[in-house]
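Bear in mind these aren't lab numbers, they're just calculated from the coordinates by the rules spelled out. Because the structure is a prediction, the values reported are computed rather than measured. Cβ atoms come from the backbone with ideal geometry, glycine included; neighbour counts cover every protein chain shown.
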Amino acid sequence: MRKFLIPLMLVASVGASSAALAAPSIAHGSIRSMDSKACTVTLGDKAVYQFAPKCDFSKLKAGEKVAITYTLSGKLKKATAITAA
């Protein structure tokens, strides 16, 4: 029984930690700049967030405080939503 239980616990712990890494995060800050062609938003802390193609930033302006929901994909911050804060 022990020979089966320990490997099972190891597999479960690795699976749980990778699921936690894929969880979305939220960044708060003021918009420093936006690039509609590249679909990127840079916040005041110089962090760049990449949105999906055909993004629409027409309702946003530089200096506006926002919250960006994103996930990490390597070093790229893939954003899924942006809302006024």
Worksheet entry | Extended-chain gain in nm, criterion 0.36 nm per residue less alpha-carbon gap, residue 47 and residue 61 | 3.4 nm
Discussion item. Taking the alpha-carbon distance from residue 75 and a cut-off under 18 Å, which lysines remain once sequence neighbours fewer than 8 residues away in the same chain are dropped?
Written reply: 46
Fill in: Burial order of peptide ranges 41-50, 68-77 (average beta-carbon count within 10 Å, highest first)
41-50, 68-77
Worksheet item: Separation between the residue 69 and residue 84 pseudo-spin-labels, each 7 Å from Cα along Cα→Cβ, expressed in nm?
Response: 1.9
